[in-house]
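The values are calculated or read from the model by the stated rules, or taken from the named source; none is laboratory data. Note that this is a predicted model, so its numbers are computed, not measured. Using ideal geometry, Cβ is built from the backbone for each residue, glycine included, and neighbour counts are taken over all protein chains shown. Heads up: the accessible areas ignore ligands, DNA and RNA and are worked out on the full protein's heavy atoms, side chains in. Shrake-Rupley method; radii C 1.70, N 1.55, O 1.52, S 1.80 Å.
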Amino acid sequence: MDPMTQSAQISSSQGFADGQNSAAKESKLSDSFLSSSPVSLIQSPQVKDLIHWRDPKKSGLVFGLSMLLLLSLAAFSVISVASYLLLALLCVTITFRIYKSVVQAVQKSNEGHPFKALIDKDVSIPPETFRKHVDASLTYINRALKQMSRLFLVEDLVDSLKLAVVMWLLTYVGAVFNGITILILADILLFAVPPVYEKNKTQIDQYIDLARTQINTTIAKLQEKLPGAVKRSKTE
């Protein structure tokens, strides 16, 4: 075999192997990101049990505390809410510490510090866990930057027009609601929609399929009239 041809084959096989390694790394990062994304968090068994009200007491407690926090943020500043929460926590721990000290002095016991088990507990973040979340966040940031570049530089006219329509609708949403109000509504829907959907799953799925079919039909008609439709059909 010609040495030049053999060298070209070796370099080609090395490039293919490097491509496979990079693809595998990207796949691992993607899996890491998906495993730590908010979507996977909502789909975890513990969260699903909460939002489906499997344990009404626990779900009611979480819902009440989250609503109280959001309503507090709506009425006061973030600094005030954080300061009051930390002050309340300090009042509880200081009061309990003094109470236990008085009880130990009266009973002449040597139980020691009431929070000793918590003080001795290791609360540091392992470097591996930190790097894992940094890699997942970096993957998300790179994907978001690439998507923004594609949309704002109009790589696909249809997708850019969709974004423009969404931004236009959000201007009306922002005129009516602020960020905290949207979070309050999202918290209410998070704990209200899953049990309702679970009880009426068949009927709701039928209406969702009808709406999805209508939307897809409308989008397909619009794409046929736009210049970017020809380019998209060729690439697909």
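Against the definition (β-branched (V, I, T), at pLDDT below 85 and not in a helix (DSSP H, G or I)), how does V39 come out, yes or no? Explain how you work it out, then say what you get.
Details: β-branched (V, I, T): yes; at pLDDT below 85: yes; not in a helix (DSSP H, G or I): no.
Criteria not met by V39.
Do the conditions hold for D159, that is, is it open to solvent by less than 60 Å² (accessible area, probe 1.4 Å), charged (D, E, K, R) and either at pLDDT 90 or above or assigned to a helix (DSSP H, G or I) (or both)? Step through it out loud before you land on a result.
On the way: open to solvent by less than 60 Å² (accessible area, probe 1.4 Å): yes; charged (D, E, K, R): yes; either at pLDDT 90 or above or assigned to a helix (DSSP H, G or I) (or both): yes.
Considered against the rule, which asks whether it is open to solvent by less than 60 Å² (accessible area, probe 1.4 Å), charged (D, E, K, R) and either at pLDDT 90 or above or assigned to a helix (DSSP H, G or I) (or both), D159 comes out as yes.
Name, by its number, the condition in (1) open to solvent by 60 Å² or more (accessible area, probe 1.4 Å); (2) touching a residue at least 60 places away in the same chain (Cβ under 8 Å) that does not hold for P195.
P195 satisfies every listed condition except (1).
Are there any pairs, at least 6 apart or on different chains, whose C-beta atoms fall under 6 Å, with the first in the range 54-75 and within 23 Å of K199 (Cβ to Cβ) and the second open to solvent by 50 Å² or more (accessible area, probe 1.4 Å), and if so, which?
From the range 54-75, the pairs are S59/W53.
Has the range 126-135 got any residue that is in contact (Cβ under 8 Å) with a residue 60 or more places away in the chain and of a type outside the set (D, E)?
Start the filter on the range 126-135 by keeping residues that are in contact (Cβ under 8 Å) with a residue 60 or more places away in the chain, which leaves 132-133, 135.
Right, trim to of a type outside the set (D, E) and you get 132-133.
Within the range 126-135, one or more residues are in contact (Cβ under 8 Å) with a residue 60 or more places away in the chain and of a type outside the set (D, E).
Looking at A175, A186, which is the one that is surrounded by fewer than 10 Cβ atoms within 10 Å (Cβ to Cβ), closer than 30 Å to M67 by Cβ and free of Cβ contacts under 8 Å to residues at least 12 places away in the same chain? Before the answer, list the steps.
On the way: A186 fails: surrounded by fewer than 10 Cβ atoms within 10 Å (Cβ to Cβ).
On inspection, the qualifying residue turns out to be A175.
Can you name the condition, by its number, that K108 falls short on among (1) of a type in the set (K, R); (2) over 30 Å from L70 (Cβ atoms); (3) surrounded by 10 or more Cβ atoms within 10 Å (Cβ to Cβ)?
Of everything listed in (1) of a type in the set (K, R); (2) over 30 Å from L70 (Cβ atoms); (3) surrounded by 10 or more Cβ atoms within 10 Å (Cβ to Cβ), K108 misses just condition (3).
Within the range 108-121, does at least one residue satisfy the condition of being within 30 Å of Q223 (Cα to Cα), of a type in the set (V, I, T) and in a helix (DSSP H, G or I)?
Taking the range 108-121 as the starting set, the residues that turn out to be within 30 Å of Q223 (Cα to Cα) are none.
For the range 108-121, residues within 30 Å of Q223 (Cα to Cα), of a type in the set (V, I, T) and in a helix (DSSP H, G or I): absent.
Filter the range 72-82 for residues that are part of a helix (DSSP H, G or I) and open to solvent by 90 Å² or more (accessible area, probe 1.4 Å) and give the result. Lay out the reasoning, then the answer.
Of the range 72-82, the ones part of a helix (DSSP H, G or I) are 72-75, 78-82.
Of everything in the range 72-82, those that are part of a helix (DSSP H, G or I) and open to solvent by 90 Å² or more (accessible area, probe 1.4 Å) turn out to be V78, I79.
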